[in-house]
Amino acid sequence: MRTILQERARATRRSLLEAAACLFAQQGYASTSVNDISARSGRTSGSVYFHYASKEGIAQAVVREGFATWPSLVPRYDDPSVPPLERLVALSYDIARALAEDSLTRAGARLWAERHTINADLPDPFVLWTTAVTRLLAQARAGGCLATGVRPAAAARTLVRAFYGFCTLTEALEGSHALTVRLSDWWRLTLPALQRDPRDGHAPTRQAM
């Protein structure tokens, strides 16, 4: 009996989270009320407050779930037979697709952009993602594929911030459908700065991260 109740509670929380994510992604935090979330989910307002305490609490949960997509994708790209920079590019396309198509990811991104209007501390979504990119760049350096002078940790911070800004602005100007197309342009500009020049015959040097 206890297991059944726990499963029901998880299902209720999930339905509330997904309803809130759809609304936050479509109309933003300020324009979404608890009553809207209740109506969208088919649950009572009391159920919303029981599971999340406040609209701010729902926003925190949506951001946490939405950006959890990023690091969870990384294990798909651990194949050592594929060059690390190639894995990094492929991973970025998966994230761009999530930002374009997944309501939780889209809502998390919008809420983060609107964080100054939310009376709560939202989780920092970029720490795990930056760590994952740092690891891929470090692998590229160890394999002699990273350009001389590129430091994995510093480059990862820049890439993650630039990528997020690029996706946010592309969606604002052209819509989410343009993300994967424009990402090709972004990598044509960015990738040459990361790749080691094949004419450089020197072995990779050990640099501080």
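Computed from the coordinates by the stated procedures, all read-outs in this text should not be read as laboratory data. The structure presented is a predicted model; accordingly, all values stated were derived computationally and were not measured. Here the Cβ positions follow ideal geometry from the backbone for every residue, glycine too, while neighbour counts run over all protein chains shown.
For Y49 and T131, what does the FRET efficiency come to when R0 = 41 Å and r is the distance between their Cβ atoms, rounded to the nearest 0.05? Walk me through the numbers before you get to the answer.
Values: r = 35 Å, r/R0 = 0.85.
For Y49 and T131, the calculated efficiency is 0.70.
Taking the inverse of the mean 1/r over every pair of distinct Cα atoms in segment 2-58 gives a Kirkwood hydrodynamic radius of 11.3 Å.
Ellipsoid fit via the Cα gyration tensor, segment 20-123: semi-axes of 32, 13, 12 Å, each the root of five times an eigenvalue, largest first.
The distance from the alpha carbon centre of segment 165-193 to that of segment 27-72 is 29 Å, rounded to a whole number. Maximal additional length on extending the I4-D79 stretch stands at 23.1 nm, based on 0.36 nm per residue less the C-alpha distance. Modelled label positions at D197 and A113, each set 7 Å beyond Cα in the direction of Cβ, lie 3.8 nm from each other.
Quote the Stokes-Einstein diffusion coefficient, in whole µm² s⁻¹, for segment 148-202, based on the Kirkwood radius over alpha carbon pairs, a temperature of 10 °C and a viscosity of 1.306 mPa s.
125
If R0 equals 45 Å, the separation of the Cβ atoms of N35 and R161 corresponds to a calculated FRET efficiency of about 0.80. According to the Cα-based calculation, Rg over Rh for the chain is 1.07, with Rh computed by the Kirkwood formula.
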